[in-house]
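Below you'll find the structure, written out as structure tokens, and then a few comments.
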Amino acid sequence: MTTLASRRHQLVGLALSWFLSVMLASSSVAQNNKDKQERTLDEIKAEAVHRAENGMYPLIGLDPSDLKEAFASIHTKDKDEWAAAFMGVADRYVNEAKALEKRDPVKANADYIRAWRLFSFGRWPIPASPGKQRSYEKAIAAFLAHARFWDPPLEIVHIPFEGKEIIGYLRLPKKANGPVPLVLAVNGLDSRKEDLAESFAAILPYGIGYLAVDGPGTGQSPIQVSENAERMLSGVLDYLQTRPEVDKNRIAMHGVSWGAYWATKMAIIERARLKGASAQSPPVDTFFQKEFLMNSLVGQREYLFDQVPALMAIFDNVKTLDEMAEVLPKMSLVKQGLLGKPMAPMLILAGVQDTQVPISDIYLLCSKGDTPKTAWINPQGGHLGRQVKVWPDPVIFKQVIIPWLVRTLAVEPAPQAYKDQDGQHSASAN
């Protein structure tokens, strides 16, 4: 028979066990909530310097000393204060570049590149204030000043579209014999066509041209994201049909992150006009669901800061999480009835550890359609398949994306190595 004392002992033990389980659960919830919080300003500064030191997006190519100089003038999260600090550092390089253009063009070009990257980070992730907008405008100007040194030259194209215009950067290889194959390149959420134009200089030695444009809702795009915003990119294909220098039967597409979504959708809708499409971490279905928005995107830390505000900005009249949760599901390729239809050949790149686009979306895409796909999946990779020091953006671009595009566009022979215009490998993302 159980004694009163032992019974009390059992009750105390059960109560203690219950209390400990509640405390552990509370601790876990608290930790999860902490993980969901945006970085503090000090955390942003430290992480940005760390990424610059290790060649990590979005700080690829930025000098950590320039970052530290700008950060010394930033004391709050005010967007205009942020932009002003980076413009202050970048302006110095622009002024130096202008003074050096005639007597030292190599140094002047390097200064323009440095200024462009600083201005770009000054508006990052989006130009959501007057100061950030000004920094973005200065980034474009510095980039175009840098591009003046290019050979073959950069052509700025203006494509009429629904009463507005699509602005693109076109470059064609030198000494081409007849029409050349071409890649239509589309940026991600926070990268821009300038980043793509810099990266795709690498494809010119293969006899392939490129046209870089800002995707819907980003940069200088004339329209915001909507269920049929790919019509803008179809308009770009229409334009390319008018260019006698372009081989209309050998056009491919490349997109990163949100740009990869458009590349995937275009591989279905425009399969007759595309030889293929490469897509890095394309959102397909789960990404667009409310659960993923709330549990994975809000406050997540693979993205440096402000991912959800940047996401809201590419849509019209989306100001709250509830509005975002309502509009996102409409973008699902499953919801739109497209996934599973015939499509152009694809290269799909992703990382299993990606916290921004679920790997389940990649597996779903790989299993649909009528054409075999090429998949490059990094088990240790994050967004776009990146892995610090092992598979950084430039290496993926050089070793995976460029060779696939060259094969897909049937270009032979091809050189064994490449260099970007400024002598450094670079790639864009997000």
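Two tests apply to each whole DSSP H helix in the chain, Cα reach of 24 Å or more along its axis and mean Kyte-Doolittle hydropathy of at least 0.0, and the ones passing both are 4-35.
Considering only DSSP beta bridges with both partners in segment 261-408, what is the antiparallel share in %, to the nearest 5?
On the way: 1 of 10 bridges.
Among the beta bridges of segment 261-408, antiparallel pairing accounts for roughly 10 percent.
For Tyr363 and Leu144, a Förster radius of 30 Å and the Cβ-Cβ distance give a FRET efficiency of 0.15, rounded to the nearest 0.05.
Given R₀ = 25 Å, FRET efficiency for Lys335-Asp238 by Cβ-Cβ distance, to 0.05? Walk me through the intermediate numbers first.
Numbers: r = 27 Å, r/R0 = 1.07.
According to the calculation, E is roughly 0.40.
With the simple spin-label model, which puts each label point 7 Å out from Cα in the Cβ direction, the Arg301 to Ser65 separation comes to 3.0 nm.
Any idea how far apart Lys77 and Val395 come out in nm if each label point goes 7 Å out from Cα toward Cβ? Here the answer is 3.4 nm between the modelled labels. Sequentially through segment 202-214, phi angles give Karplus couplings (6.51, -1.76, 1.60; θ = phi - 60°) of 5, 8, 4, x, 8, x, 10, x, 8, 10, 9, 9, 6 Hz, Gly and Pro residues having no value and appearing as x. Compute the distribution of all C-alpha to C-alpha distances in segment 301-415, in bins of 5 Å from 0, and list the percent of pairs in each, rounded to whole numbers. The percentages, shortest bin first, are 2, 10, 15, 16, 19, 17, 13, 6, 2, 1, 0.
Rank by packing, highest mean first: peptides 263-270, 334-341, with packing defined as the count of other Cβ atoms within 10 Å averaged across residues. All intermediate terms of the calculation are to be shown ahead of the outcome.
Values: 263-270: 24.9, 334-341: 15.0.
Sorting 263-270, 334-341 by mean packing, highest first, produces 263-270, 334-341.
How long are the three semi-axes of the equivalent ellipsoid for segment 163-215, computed from the Cα gyration tensor as the root of 5 times each eigenvalue, in whole Å, largest first? Mind dumping the intermediate values first?
Values: eigenvalues 94, 35, 10 Å².
Listed largest to smallest, the semi-axes of segment 163-215 are 22, 13, 7 Å.
Please report, as a whole percent, how much of the solvent-accessible surface of segment 99-173 comes from carbon and sulfur atoms (probe radius 1.4 Å).
Working: 1850 of 3200 Å².
Carbon plus sulfur share of accessible area: 58 percent.
Measuring how big the chain is from its alpha-carbon positions, Rg and Dmax come out at 24.0, 101 Å.
Taking 0.36 nm per residue of separation and subtracting the current Cα-Cα distance, fully stretching the chain between Arg407 and His158 would add 86.7 nm.
Given 20 °C and 1.002 mPa s, how large is the Stokes-Einstein diffusion coefficient of segment 242-320 in µm²/s, with Rh as the Kirkwood radius over Cα pairs?
Numbers: Rh = 14.7 Å.
The Stokes-Einstein estimate is 146 µm²/s.
Each peptide in 205-214, 400-409 gets a packing score, the mean of other Cβ atoms within 10 Å over its residues, and the list from highest to lowest is 205-214, 400-409. In the structure shown, the pairs Lys98/Lys138; Lys193/Lys275; Lys248/Lys275; Lys45/Lys138; Lys275/Lys373 are assessed against 19 Å; a Cα-Cα span above that value is assigned to Lys193/Lys275; Lys45/Lys138.
Take every DSSP beta bridge whose two residues both sit in the chain; close to 30 percent of them are antiparallel. FRET efficiency for the pair Arg92 and Ile377, taken as 1/(1 + (r/R0)^6) with r the Cβ-Cβ distance and R0 = 56 Å, rounds to 0.85.
Leaving out ligands and nucleic acids, note down the accessible area per residue over the chain with a 1.4 angstrom probe, in whole Å².
With the other protein chains kept in place, the chain gives 43 Å² per residue.
Order the peptides 311-323, 185-197, 107-119 from the highest to the lowest mean number of other Cβ atoms within 10 Å of their residues.
Working: 311-323: 15.2, 185-197: 27.5, 107-119: 24.9.
Averaged packing, sorted descending, gives the order 185-197, 107-119, 311-323.
Pairwise over distinct Cα atoms, reciprocal of the mean inverse distance: report the Kirkwood radius of segment 111-204 in Å, one decimal place.
Numbers: mean 1/r = 0.0690 Å⁻¹.
One decimal place: 14.5 Å for the Kirkwood radius.
The values are calculated or read from the model by the stated rules, or taken from the named source; none is laboratory data. Just so it is clear, the model here is predicted, and its values are computed rather than measured. Cβ atoms come from the backbone with ideal geometry, glycine included; neighbour counts cover every protein chain shown. The protein model used for the area step is the full one, side chains on, heavy atoms only, and it has no ligands, DNA or RNA in it. Shrake-Rupley method; radii C 1.70, N 1.55, O 1.52, S 1.80 Å.
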